[in-house]
Number of protein chains: 2
Amino acid sequence: MNNFELQNPTKILFGKNQIDKIENEIPKDAKILFLYGGGSIKRNGIYEQVTAALSKFQVVEFSGIPANPEYETLLKALKVIKEEKITFLLAVGGGSVIDGTKFLSAAALYKGDTPWVILAKNIRTEIGMPFGTVLTLPATGSEMNSGAVVTRSETKEKLAMGGEGLFPQFSILDPQVVYSIPQRQIANGLADSFTHVLEQYMTYPIDAALQDRFAESIMQTIIETAPKILADTTNYKAAANFMWCCTMALNGLIQKGVPNDWAIHAMGHELTALYGIDHARTLAILTKSHYLYNLETKKEKLAQYAERVWNITEGSITEKAKAGIEKTEAFFHSMQIDTKLSDYIDDYKGTAQTIAKTFMKRGWKGIGEHGTLTPNDVEKIVEMSY
Amino acid sequence: MNNFELQNPTKILFGKNQIDKIENEIPKDAKILFLYGGGSIKRNGIYEQVTAALSKFQVVEFSGIPANPEYETLLKALKVIKEEKITFLLAVGGGSVIDGTKFLSAAALYKGDTPWVILAKNIRTEIGMPFGTVLTLPATGSEMNSGAVVTRSETKEKLAMGGEGLFPQFSILDPQVVYSIPQRQIANGLADSFTHVLEQYMTYPIDAALQDRFAESIMQTIIETAPKILADTTNYKAAANFMWCCTMALNGLIQKGVPNDWAIHAMGHELTALYGIDHARTLAILTKSHYLYNLETKKEKLAQYAERVWNITEGSITEKAKAGIEKTEAFFHSMQIDTKLSDYIDDYKGTAQTIAKTFMKRGWKGIGEHGTLTPNDVEKIVEMSY
């Protein structure tokens, strides 16, 4: 096991009707910017619940934060924060609204010239403007971590940021929000959280026995829960397990003391930036190719995954590893998620070269848990996923 | 799954040579009370490492905190805190030193007449004097939770306390401390942490799929690690897994959203108060009797445990449940831990009645996850463990 530091101060309020408790979690004299996305919260009743819970505060609203939160939109919200002298941010939405709010938390207190630098140079934020979240779409885990991803459509870039100042003060996780989520989005959440676990687990053995079992536990629970919640989104028990798995998949716990990969995400972000493909689906497109391409360095963990998560007991290590990869693809297919780039876009030729060039331009010499996957390797992996 | 709140602000610094980092975790102007136990830290080098790390601070030492931290001793430390105008506490030890420090953290800021009230009435501590820990004996999980147990030998009482103000600010977890721990104490740590998981898990099914799997993961890892660390206490990999399991077993995570039992602990504390039997061994004495006595209400979870943790696939639910209980006792025996009260004391007759009377005197009408185990049931369970 590697040395690690772990601290996660976010307060989770999980369960039915927790939104009422927001009032106790925000300083009484706060001036709040209430941030949300395209307005689905006005159709499912969450907007009204939040508005009622905030009745004793000064509140300004900012709506219209899009999927893959867009830098230009966020600059407009930043202007509101400064003009209105906002002191607390409340994100009501999924990973995009929460990530956008994290950018604003950082940017509101940033002293430099342009907040773009926070993204371009991945400046760590030690202290941000305090914020809370009401999660409406389980998937990214952003509700209990300190990272964010922001898109700049102008330059087709999708960049990560973070820092210990960017943990939410609190996050409300009411599984009832799942009832009104379209099946396609639920499938995305399942695939996204599943891949988060894979990226923290599918590297090489390092005798971190508990972290391995926790990762396997989350994957087993997602696999078990997926057909239940997709069959009936109003199944509270399934919704609660789905929601808690998504949070635990990326709240920092299982990544401590072990190598991490994140190559699938790095490549996937480019597919979203280029073609607007849903984040989760870009991961499903790349997973099989990535693991087949890196079979030799990952086969021990792939075989352990196949055994423990998919009960594959027969065969050599390599055979088990390959069977585990097949099972993973079949799991995506079982959720109606296509796993080839050509399933999503017609004009896919040249994508691999474009992404490899982008990585080179950024000076990314090596990604993956060993830092050895070059832009040339990336080109081959993306090509395998056509 | 039940509604829950989860927040754990403790910063964990895990791994080799983390003690040096203490300096960065304590306010520069702090006046520190450095608390430890019987002096084993002077033999294994930890005392010197801590002293070196604290070289830039004003430090007062207080040693001699005994196993099952004793109220009268703690009052002496409290006097030092007040006389010396201490502002920060550093616990260097196992659960006893850390629990004693939690009592002091609460008592130092307590406004009432006598700090005994904090224990007698289980007053919740919202704000305590800040403290950090250097863990020298993995077992209780106290390094990452906000609870403590304090003994008053005068009245043969062992009482619990806690509150959100009693999380350590930081805890240093260096698995190398395990190298010099006597095997008997390591076995105690393994049994203690294993029973912590059991008490949060062995209740009734409530569809908290991930919490169940996390609990099973910790138990599987303890079972796998036990023979390795007992065979060679200097096996770093095994020491690291042992240490992390003990922390995760009682840092609050797996108890959220599920029923908890804690009857074995409630009864076990009495055996320690009466006879001075090691805490972990009191748990081993009571586990089998408690689960056999409550077989009907616990059999579903006992069977799930038998299947998933011990790979028992044959038999009815009741048969699997009983097999799981037998495996648990055999696991204690494999660590040279006896499981009958008569293995520890000769004059055991009357113990059950004494404990039942104590529970009645305290007005404890019902314990266990349903709150239905009366002093009469307690008497029968303790009797079964003779």
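The values are calculated or read from the model by the stated rules, or taken from the named source; none is laboratory data. Not measured: the values here are computed from a predicted model. Every residue, glycine among them, receives a Cβ derived from its backbone with ideal geometry; neighbour counts consider all protein chains shown.
Side notes on the structure shown:
- When residues of the stretch A:198-229 are limited to those that are assigned to a loop (DSSP other than H, G, I, E, B) and buried (at least 24 other Cβ atoms within 10 Å of the Cβ), the one farthest from the other protein chains (Cβ to nearest Cβ): A:Met202
- The residue of the stretch B:330-350 that is nearest to B:Leu302 (Cα to Cα), among those that are crowded, with 16+ Cβ neighbours inside 10 Å and within 23 Å of the chain's Cα centre (by Cα), is B:Phe331.
- Only a single criterion out of (1) surrounded by 21 or more Cβ atoms within 10 Å (Cβ to Cβ); (2) at positive phi is not satisfied by A:Gly252, namely (1).
- Matching residues, the stretch B:38-84, being charged (D, E, K, R), within 22 Å of the chain's Cα centre (by Cα) and part of a helix (DSSP H, G or I): B:Glu72
- Annotation note: of B:Ala53, B:Ala139, B:Ala120, the sole residue that is small (Gly, Ala, Ser), in the same structural domain as B:Glu23 (by TED's automatic domain parsing) and more than 22 Å from B:Ile19 (Cβ to Cβ) is B:Ala120.
- In this structure, A:Ala303 does not qualify as within 18 Å of A:Leu137 (Cα to Cα) and modelled with pLDDT of 95 or more.
- Matching residues, the stretch B:230-252, being in a helix (DSSP H, G or I), out of contact with any Gly (no Cβ under 9 Å at 6 or more places or on another chain) and either among the hydroxyl-bearing types (Ser, Thr, Tyr) or more than 10 Å from every other protein chain (Cβ to nearest Cβ) (or both): B:Leu230, B:Ala231, B:Tyr236
- So A:Gln7, is it within 14 Å of another protein chain (Cβ to nearest Cβ), surrounded by 21 or more Cβ atoms within 10 Å (Cβ to Cβ) and either in contact with a strand residue (DSSP E or B) (Cβ under 9 Å, 6 or more places away or on another chain) or not acidic (Asp, Glu) (or both): no
- Within this structure, B:Asp174 passes the test of being farther than 22 Å from B:Asn311 by Cα and either of a type in the set (D, E, K, R) or within 9 Å of chain A (Cβ to nearest Cβ) (or both).
- Any hit, the stretch A:151-160, residues being surrounded by fewer than 19 Cβ atoms within 10 Å (Cβ to Cβ) and within 30 Å of A:Glu216 (Cβ to Cβ): yes
- Tally, over the stretch B:96-122, of residues that are in a helix (DSSP H, G or I) and under 21 Å from B:Ile26 (Cα atoms): 12
- Verdict on B:Ile229 being touching a residue at least 60 places away in the same chain (Cβ under 8 Å) and not aromatic (Phe, Trp, Tyr): no
- When the test is whether a residue is surrounded by 15 or more Cβ atoms within 10 Å (Cβ to Cβ) and out of contact with any His (no Cβ under 8 Å at 6 or more places or on another chain), B:Leu292 passes it.
- Only one of the numbered conditions (1) free of Cβ contacts under 8 Å to residues at least 24 places away in the same chain; (2) more than 22 Å from A:Asn145 (Cα to Cα) is violated by A:Lys82, and that is (1).
- There is at least one residue in the stretch A:25-36 that is under 30 Å from B:Phe167 (Cα atoms), within 14 Å of another protein chain (Cβ to nearest Cβ) and touching a residue at least 40 places away in the same chain (Cβ under 8 Å).
- Qualifying residue in the stretch B:364-385 (condition: in contact with a helix residue (DSSP H, G or I) (Cβ under 6 Å, 6 or more places away or on another chain) and without any contact (Cβ under 8 Å) to a residue 24 or more places away in the chain): yes
- You will find that of B:Ile381, B:Ile312, B:Ile325, B:Ile367, the residue that is in contact with a His (Cβ under 7 Å, 6 or more places away or on another chain) and either surrounded by 14 or more Cβ atoms within 10 Å (Cβ to Cβ) or not assigned by TED's automatic domain parsing to the domain that holds B:Asp278 (or both) is B:Ile381 and no other.
- Screening A:Lys111 on (1) at negative phi; (2) touching a strand residue (DSSP E or B) at 6+ places or on another chain (Cβ under 7 Å) shows it passes everything except condition (2).
- Residue within the stretch B:93-113 that is surrounded by 16 or more Cβ atoms within 10 Å (Cβ to Cβ) and farther than 30 Å from A:Ile12 by Cα present: yes
- Yes/no for A:Glu300 being in contact with a Ser or Thr (Cβ under 8 Å, 6 or more places away or on another chain), assigned by TED's automatic domain parsing to the domain that holds A:Pro259 and of a type in the set (Asp, Glu): no
- If you go through the stretch A:59-72 and pick out every residue that is modelled with pLDDT under 95 and of a type in the set (S, T, N, Q), you end up with 1.
- The residues of the stretch B:43-87 that are in contact with a Lys or Arg (Cβ under 7 Å, 6 or more places away or on another chain) and aromatic (Phe, Trp, Tyr) amount to a single one, B:Tyr71.
- Residue check for A:Phe14: in contact (Cβ under 8 Å) with a residue 12 or more places away in the chain, crowded, with 20+ Cβ neighbours inside 10 Å and within 14 Å of chain B (Cβ to nearest Cβ): yes
- Close Cβ contacts (under 8 Å, 6 or more residues apart or on different chains) running from residues in the stretch A:148-160 that are on the phi > 0 side of the Ramachandran plot to residues that are surrounded by fewer than 23 Cβ atoms within 10 Å (Cβ to Cβ) comprise A:Lys156/A:Ala273; A:Lys156/A:Leu274.
- Scanning the stretch B:141-164 for residues that are modelled with pLDDT of 95 or more and outside any strand (DSSP E or B) yields a total of 8.
- Residues of the stretch B:6-37 that turn out to be assigned to a strand (DSSP E or B) and under 21 Å from the mean Cα position of the chain (by Cα), as a count: 11
- Filter result (over 27 Å from B:Glu5 (Cα atoms) and in a loop (DSSP other than H, G, I, E, B)) within the stretch B:253-284: B:Gly276, B:Ile277, B:Asp278
- Within the stretch B:123-140, the set of residues being part of a strand (DSSP E or B) and closer than 27 Å to B:Ile222 by Cα comprises B:Gly132, B:Thr133, B:Val134, B:Leu135.
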